[in-house]
1. Roughly how crowded by other chains is peptide A:134-144, in terms of the mean Cβ count from those chains within 10 Å of each of its Cβ atoms?
2. By its C-alpha gyration tensor, with a ≥ b ≥ c as the square roots of the eigenvalues, how is the range A:53-128 shaped: rounded for a/c under 1.5, else prolate for a/b larger than b/c, else oblate?
3. State which helices in chain A qualify, where a helix is a whole DSSP H run, it must extend 24 Å or more along its own axis by its Cα atoms, and its mean Kyte-Doolittle hydropathy must be at least -0.5.
4. For the range B:132-196, what are Rg and Dmax over the alpha carbons, in angstrom?
5. In square nanometres, what is the average projected area of the Cα convex hull of the protein assembly as shown?
6. Note down the net charge around residue A:182, summing +1 for each Lys or Arg and -1 for each Asp or Glu among other residues with Cβ under 15 Å from its Cβ.
7. Which of the GluC sites (Glu not before Pro) found in the range B:66-121 are in a DSSP loop and have at most 13 neighbouring Cβ atoms, other than their own, within 10 Å?
8. Per DSSP H run of n ≥ 4, the term is -39500 (n - 2.57); total these for chain A, divide by its residue number, and report the mean residue ellipticity at 222 nm rounded to 500 deg cm²/dmol.
There are 2 protein chains.
Amino acid sequence: MAKEPEDTIASRISRVLADRIVRGELPAGFRLRQDHIAEEFGASHVPVREAFRRLEAQGLAISEPRRGVRVASFDIKEVREVAEMRAALEVLALRHAAKHLTPAILDAAEEATREGDAAADVHAWEEANRRFHRLILAPCNMSRLLASIDDLHAASARFLFSAWRSGWEKRTDHDHRAILVALRQGRAEEAAGILERHVQWIGRAPKSTRKGGESAEAFAIVG
Amino acid sequence: MAKEPEDTIASRISRVLADRIVRGELPAGFRLRQDHIAEEFGASHVPVREAFRRLEAQGLAISEPRRGVRVASFDIKEVREVAEMRAALEVLALRHAAKHLTPAILDAAEEATREGDAAADVHAWEEANRRFHRLILAPCNMSRLLASIDDLHAASARFLFSAWRSGWEKRTDHDHRAILVALRQGRAEEAAGILERHVQWIGRAPKSTRKGGESAEAFAIVG
DNA sequence: TTTTCCAAAATTATAGATAATTTTTTATCC
DNA sequence: GGATAAAAAATTATCTATAATTTTGGAAAA
């Protein structure tokens with residue numbers, strides 16, 4: 001039979017909850033009550049508690065002993081922190097991945113870029129964006145590094161979805177294309193430099209902000 | 001009352017087990033049986049399972065559904081991976097911490113270096129080394145980043161302890177001193193550069209290896 | 001009306017019990 | 001003797017039950 005990625009109730013619960021947190025269905029500070037969640041999944045609270053420990057480690061929930069678990073809050077400062085960590089780690093991953101990249105992988109990454117440009121909503125864009133990054137980084141073959149980057153992507157996506165509650169307009173991702181051009185021509189360091197600046201944009205207000213200022217839409221959409 | 005750092009049985013178990021794994025008391029591949037551990041701690045297996053999830057997230061254990069949890073294996077490739085991640089993230093942390101460093105902090109870091117140089121065994125050295133890094137990085141005030149670095153330090157220490165089963169000889173840590181000199185003189189970028197090279201040495205065989213070759217002692221002690 | 005205290009309800013953390021799976025042992029066959 | 005299969009033991013994953021803690025919702029006092 002087609003075996004699921006993971007087989008335990010705890011891992012299923014943690015995946016579903018992580019997804020809800022990232023998508024903003026569960027808002028920051030929301031209290032995660034173990035019995036309620038257990039009931040929803042038709043399980044007892046034992047696997048729920050295990051799922052909590054996982055979410056905690058991913059930075060998506062915080063637990064206070066005897067006082068329960070809440071969806072982690074995040075402010076713009078933490079978004080910047082995640083962006084800088086991503087920049088540092090993705091550059092590292094790309095430097096190692098570069099020598100293993102094949103034309104087929106780069107074609108798939110270009111396809112992901114096109115799908116991102118054509119995305120009809122923010123969720124579709126995020127999925128394509130994440131796929132792009134994963135495609136060009138996975139060949140580094142460093143599983144711990146990739147796992148860390150995945151967790152950081154989740155945090156980034158959470159910010160993206162929370163900031164982008166309103167309409168979506170298509171645009172062209174020039175950074176992704178420039179990265180691919182550099183990689184195709186074997187200029188890995190240049191690609192890494194573009195990637196670094198690209199990811200660093202997350203959580204920065206774009207240059208031409210109107211006086212409006214504080215609005216959530218005032219942040220650049222990048223990733 | 002003086003409250004413990006964390007208060008649940010699960011967190012206590014995970015801390016103790018993490019320590020044993022890092023120190024090599026529990027060898028790679030060793031099977032962690034939940035009932036045995038529960039019995040040792042006078043607890044039930046529920047908190048033990050929660051501790052397992054934490055160790056898994058830290059990369060110290062791996063869990064296969066229905067087949068139990070084992071101490072994570074690690075080879076030289078993973079040690080290098082951890083070293084590179086540490087280099088990338090510690091440089092990032094230091095760049096942010098630099099502007100918040102005070103003479104008092106740098107004095108404490110120098111004291112940690114002296115204690116490392118005077119250390120009588122590998123455990124004392126590791127403790128002092130870790131303290132040095134933590135002191136100069138903590139002022140970056142980025143909790144997620146610091147937590148990641150802590151986990152990577154644990155992985156590094158595990159390698160250090162496994163490689164250094166034999167005698168210990170004192171030596172002087174010139175890198176730490178050079179970093180402190182640069183920081184005292186406000187040359188943060190230079191300090192970051194030294195730190196990067198310093199951490200990158202982990203898991204690299206030293207230049208002047210005798211033909212002996214594969215022996216565990218053939219790796220540089222740095223960190 | 002606001003504050004303070006106390007009881008009721010909800011919730012967490014843990015223990016003990018059970019079904020299902022994996023591992024080990026033992027017996028059997030070639 | 002070594003391989004194989006069945007039976008026994010050990011172990012995992014989960015559920016149900018219970019003690020302890022925290023939160024909630026008033027009632028009494030200021």
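Quick note: the coordinates plus some simple rules give every number you see, no bench work behind them. Keep in mind that what you see is a predicted model, and the values were worked out from it rather than measured. Cβ atoms come from the backbone with ideal geometry, glycine included; neighbour counts cover every protein chain shown.
1. Details: counts 0, 0, 0, 0, 0, 0, 1, 2, 7, 3, 10.
Partner-chain Cβ atoms within 10 Å, mean over residues of A:134-144: 2.
2. Details: a/c = 2.68, a/b = 1.81, b/c = 1.48.
Because a/c hits 1.5 or more and a/b exceeds b/c, the range A:53-128 counts as prolate.
3. Working: long enough: A:76-97 (30 Å, 0.22); A:143-163 (30 Å, 0.57).
Helix filter hits for chain A: A:76-97, A:143-163.
4. Rg and Dmax of the range B:132-196, Cα atoms, are 14.1, 40 Å.
5. Details: hull surface 103.0 nm².
For the protein assembly as shown, the mean projected area of the Cα convex hull comes to 25.7 nm².
6. Working: positive: A:95, A:99, A:177, A:184, A:187, A:197; negative: A:90, A:110, A:173, A:175, A:189, A:190, A:196.
Once positives and negatives cancel, what remains is -1.
7. Numbers: sites: B:78, B:81, B:84, B:90, B:110, B:111, B:115; in loops: none.
Counting only loop positions with at most 13 other Cβ atoms within 10 Å, none of the GluC sites (Glu not before Pro) in the range B:66-121 qualifies.
8. Numbers: 9 runs with 134 residues, N = 223.
The helix contribution divided over chain A gives -19500 deg cm²/dmol.
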